[in-house]
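To keep things clear, I will list the structure first and then write my remarks on it.
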Amino acid sequence: MKKQFFLFFLIAVFISSCKKDAPVNLNPAGSVIFKFINMAGDSNLILNNIKTYINAHNDTFSVHTFKYYISNIKLTRNDGTIFSEKESYHLIDAGNSKRTQFTLANVPYGNYTAVSFIIGVDSVRNFSGAQTGDLDPALGMFWMWDTGYIFAELAGSSPQDTAHGLNHFFSYAIIGYSGQYNALKTVRLPFYSDTAKVSPLITPQVNLKADVLEWFKTPTIISFAAVPFTDLPNQTTLNFANNYADMFTLQSIRN
Amino acid sequence: MKKTRTLFFVAVSVLLFSCKKDTTITKFPEEIQFVIPPGWASAHYDFSTNKLTTNGFILGRKLFYETKLSQNNAISCGSCHQQQFAFSNQYHALSAGVNGVLGTRNAPALSNLAWQTNFMWDGGITNLEVMPLAPLTNHFEMNETINNVVNKLQNDATYPYLFNNAFGTTTISSQLLLKALAQFMGMLVSSGSKYDKYEKGETSFSTNEMNGLNLFTQKCATCHTTPLFTNLQFMNFGLDSLFNDPGRAGITGAASDSGTFKVPSLRNVALSSPYMHDGRFATLADVLEHYSTGIVHSSTLSPLLNTIAPLTSMEKQDLILFLNTLTDSTFITDARFKNPN
């Protein structure tokens, strides 16, 4: 076994030694960091089954999973030009500190005044075969039953959810990339008086809040008793997507 | 001792070859190529996003027969999809997975997958590349996680090397694993049956086979359309009126899809017994008896089956003789598709 490891190590060393240096980037471009602060109303979201929150239906609940895809990010510069990130798929996982922020690279220098993105994964990537990076099916967000990506997932427990016995576990997997129950939502957030100033010296950090209470509020009030779970593209799932379409707000920009 | 030596040899050859491009070790009689049989439509699977290479195919084949893909290291894709039965299996109506646990559906024969738009009896999977994720992670089948499989292969003595041959990297990812399997599965083309030779004028049919073909064209071909012998649609073939398995409706949620299943290809059908999504019929004669006298009416029954003239025993016999001409002996003996291990 040791021997195998050693050999494997040797092989690995040799192969990596053949790699060429990365090409030098000549374009005048910098980066922007996006950080997601997950909240329940005014409190920071804590993932466990002890800390409880109250939704718009007055149900008490706690959260153990909160994940969502942020895709097809576009930044608008003050001169009206738009920067679109290539291969723009980012999985945010409130339960994994390594997955609450990401960096956009190759952003041309300038002052940016707005961002837009999709919550979920654009329809094409749902049926384009094996993907990698944040779309790797090993991350558990690829749905094998009518294949496609889970756009967002919220799970936890609520005493008002009586469908799941003593555990009161609810789970909402938002899926559906086509037809009348298409649950893809586009978010546009103007920075108003703020600006993200991308320059050789500054890598701005845009802090966005994501509020789980929005899942239950507007336009449709949803209770745990009525909806203990979703896992199909249908009207209930779409109601969640319509509700959470406005869960993001700009908290601050640090230049 | 022997093992260490081979390992050492592999390591040395990797050291020698790792900076070169061409490191094909397995000698193959010919370069692997995907050929569209004359007269067939272009394939649905897009090889341009997964460039087919001999090394990619060799890797895909090894993975298809690799028991490390299952949780107990005992079952491979090839355990349920056996070449001599046109990549189906005859032992279990409902395929047995790890620990002999039975699934709920019958393993279909695999061929001409590159032309299919939907996979599984309910069509729930829409791309050949992600198809293996279903059996890999299915509790009844291989019961493994993608991360575990990738780790097992990464820690194997030869796989990093084979991935490097195929894709130019020793770092194994689920994406490359799936692309390699898709290269193997996409290559499983069956177009060399007696029927195909007859169509090309290379052989003739007996009077009975001829009669069977005519009956088939009249009664079956609307659903089992040539050359794939499926129209790729979902139909209710009149098996039940109460649907234990909702079929396509389990995916779409539409009541009009209750009890409909993907029309299966009938290529190599003589080898792929038992039949139907749940393997309820053991023989082709049973299937024809069902068609002839057993159609169960329900609101989703295909209108084509509303009024069926029962088949005479002569017609049944001729239909079976025709179905036998769909057996492709080159396909089931093709050395390229054999278990290399």
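The values are calculated or read from the model by the stated rules, or taken from the named source; none is laboratory data. Predicted model only: the values in this text are computed from it and were never measured. Counting neighbours? That spans all protein chains shown, and the Cβs are built from the backbone with ideal geometry, glycine included. The accessibility values were calculated without ligands, DNA or RNA, using every heavy atom of the protein model including side chains. Shrake-Rupley method; radii C 1.70, N 1.55, O 1.52, S 1.80 Å.
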Residues located in the range A:31-65, provided they are closer than 20 Å to A:L250 by Cβ and in contact (Cβ under 8 Å) with a residue 40 or more places away in the chain | A:S31, A:V32, A:I33, A:F34, A:K35, A:F36, A:I37, A:N38, A:M39, A:A40, A:G41, A:L45
Inside the range B:102-121, the number of residues satisfying the requirement of being farther than 13 Å from B:P135 by Cβ and not in a loop (DSSP other than H, G, I, E, B) is 4
In this structure, is A:V121 part of a loop (DSSP other than H, G, I, E, B) and either modelled with pLDDT of 95 or more or at the interface with another protein chain (Cβ under 9 Å from one of its Cβ atoms) (or both)?
-> yes
Filter the range A:230-248 down to the residues that are at pLDDT 95 or above, open to solvent by 10 Å² or more (accessible area, probe 1.4 Å) and part of a loop (DSSP other than H, G, I, E, B), then identify the one that is farthest from the other protein chains (Cβ to nearest Cβ).
-> A:D246
Counted residues, the range B:307-340 - those being outside any helix (DSSP H, G or I) and open to solvent by less than 30 Å² (accessible area, probe 1.4 Å) | 4
What's the number of the condition A:Y192 fails, among (1) at positive phi; (2) buried (at least 18 other Cβ atoms within 10 Å of the Cβ)?
-> (2)
Out of all the residues in the range B:169-186, is one or more open to solvent by 20 Å² or more (accessible area, probe 1.4 Å) and more than 14 Å from chain A (Cβ to nearest Cβ)?
-> no
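A quick yes/no check of all residues on (1) within 10 Å of chain B (Cβ to nearest Cβ); (2) under 15 Å from the mean Cα position of the chain (by Cα):
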residue: A:G129; (1), (2): yes, no
residue: A:M141; (1), (2): no, yes
residue: A:F151; (1), (2): no, yes
residue: A:A173; (1), (2): no, yes
residue: A:A183; (1), (2): no, yes
residue: A:V187; (1), (2): no, yes
residue: A:P200; (1), (2): no, no
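Conditions (1) within 22 Å of the chain's Cα centre (by Cα); (2) loosely packed, with under 15 Cβ neighbours inside 10 Å; (3) over 13 Å from B:L266 (Cβ atoms); (4) at pLDDT below 95, marked per residue:
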{"position": "B:T203", "(1), (2), (3), (4)": "no, yes, yes, no"}
{"position": "B:K219", "(1), (2), (3), (4)": "no, no, no, no"}
{"position": "B:H224", "(1), (2), (3), (4)": "yes, no, no, no"}
{"position": "B:Q233", "(1), (2), (3), (4)": "yes, no, yes, no"}
{"position": "B:G247", "(1), (2), (3), (4)": "yes, no, yes, yes"}
Test: B:D257 is at pLDDT 90 or above and surrounded by 20 or more Cβ atoms within 10 Å (Cβ to Cβ) = yes
Say whether the condition of being without any contact (Cβ under 8 Å) to a residue 12 or more places away in the chain, in a helix (DSSP H, G or I) and not small (G, A, S) is met by at least one residue in the range A:158-177.
-> yes
Is it the case that A:T113 is in a strand (DSSP E or B), surrounded by fewer than 18 Cβ atoms within 10 Å (Cβ to Cβ) and touching a residue at least 60 places away in the same chain (Cβ under 8 Å)?
-> no
Quick one: count up the residues across the range B:105-134 that are more than 12 Å from chain A (Cβ to nearest Cβ) and either free of Cβ contacts under 8 Å to residues at least 60 places away in the same chain or touching a Cys at 6+ places or on another chain (Cβ under 7 Å) (or both).
-> 1
Search result, residues across the range B:151-167 that are open to solvent by 30 Å² or more (accessible area, probe 1.4 Å) and without any contact (Cβ under 8 Å) to a residue 60 or more places away in the chain = B:N151, B:Q154, B:N155
Within the range A:82-101, how many residues turn out to be closer than 22 Å to A:P28 by Cβ and surrounded by 15 or more Cβ atoms within 10 Å (Cβ to Cβ)?
-> 3
Would the range A:22-32 turn up any residue that is more than 13 Å from the chain's Cα centre (by Cα), within 14 Å of chain B (Cβ to nearest Cβ) and not hydroxyl-bearing (S, T, Y)?
-> no
Looking at B:S273, B:S329, which is the one that is within 26 Å of B:F119 (Cα to Cα), polar (S, T, N, Q) and modelled with pLDDT under 95?
-> B:S273
Assess whether B:T137 counts as being open to solvent by 50 Å² or more (accessible area, probe 1.4 Å), within 20 Å of the chain's Cα centre (by Cα) and within 14 Å of another protein chain (Cβ to nearest Cβ).
-> yes
